[in-house]
Ligand SMILES: C[S@@+](CC[C@H](N)C(=O)[O-])C[C@H]1O[C@@H](n2cnc3c(N)ncnc32)[C@H](O)[C@@H]1O
């Protein structure tokens, strides 16, 4: 349902809030401090984005009209203003992911740091089919700045998509590959479909949402464009709040977004394979127990938490988590009693 409110359109799809407004004044007006769990956003690039078709030789017939660009001369001030609001509304421990080209990357990084947000990862999103060039390298990446608001523990679901034990065809860890900070994700090719400039791929958005939020969390996008973040977040059962200044863009997508069923993407996203425990119930040999304890110590030295160590070992030994815990617990107790023996002597 779209309502007019103080001269701006406001959409109240169940659990979500979308404002056809400037994100800076809109956030000040509508969003309380510390009220969102995750921000994913893709600000205008300050490179004449409303004219990009001229450079890219694109058929603008299939691009939604109404994209609002920010002049390069105002980019620093603009970045400081919206990132100040983003830092205010993000809860302590909340994460923010900003997609940026390289032209104004420095302005965004300075604004993040000025607002006391802390770097978690600087991700490179590599996409195929960059713009063809002859006298320089082809540009085929964007930056994704992943920062956090300090003050509370941050949500990061280590095994939201691949279990630590899942292997690819060449035996490499799928979890490790998925968590490398260079993401190779194609842009969506939708021949004949009308889309926004710079529409983000669904697979990139679901990846961020799966790792950095829980179902029921509030995800915020300051620059909705074609509402791709909103679509992914609703699809994964999150609530959404967002802003889009352009009325044609807002009107073009809001009806479709309001008709989405919360959680509609959940059945099709990548989740870890169920675990396999072929040795459950078999007796442990003394050698196996000794190896398990040594491997656990190595994992801890490498920085694994107790929980992660147990998970890795339960897969390696084909046994349930409790069986591994029991061996480690017995070893710990026998070490303690050995220490007592020594100290008594
Ligand atoms: C790079 S696009 C976002 C694309 C979006 N992530 C998607 O997948 O479609 C940036 C959007 O920000 C909008 N915009 C520009 N200035 C704005 C402002 N001050 N407040 C809210 N939206 C703004 C533009 O109209 C444009 O749709």
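Of the helices (runs of 4 or more DSSP H) lying entirely inside segment 238-345, the ones with 1 or more residues being over 25 Å from residue 167 (Cβ atoms) are found at 247-258, 286-301, 321-344. Figure legend. Inter-residue proximity from segment 15-32: first residues over 21 Å from residue 44 (Cα atoms), second residues part of a helix (DSSP H, G or I), beta-carbon distance below 6 Å, spacing 6+ or different chains. Indicated pairs: 31/89. Taking the residues in segment 73-92 that are assigned to a strand (DSSP E or B) and touching a strand residue (DSSP E or B) at 6+ places or on another chain (Cβ under 7 Å) as candidates, determine which candidate is farthest from residue 22 (Cα to Cα). Once the filter is applied, the top-ranked residue is 91.
I'd like to check which strands (runs of 3 or more DSSP E) are fully inside segment 99-211 and have at least 1 residues that are closer than 23 Å to residue 76 by Cα and modelled with pLDDT of 95 or more. Don't jump to the end; show me each part of the working.
On the way: elements: 118-126, 141-148, 182-184.
The qualifying strands (runs of 3 or more DSSP E) are 118-126, 141-148.
Filtering segment 22-50 to residues that are near the ligand (Cβ under 7 Å from one of its atoms) and assigned to a loop (DSSP other than H, G, I, E, B) leaves 22, 42, 43, 44, 45. Just one of the listed residues (235, 225) is over 24 Å from residue 182 (Cα atoms), at pLDDT 95 or above, out of contact with any strand residue (DSSP E or B) (no Cβ under 8 Å at 6 or more places or on another chain) and crowded, with 23+ Cβ neighbours inside 10 Å, namely 225.
The values are calculated or read from the model by the stated rules, or taken from the named source; none is laboratory data. Keep in mind the model is a prediction, meaning the values are calculated, not measured. We place every Cβ from the backbone using ideal geometry, glycine too, and count neighbours over all the protein chains shown.
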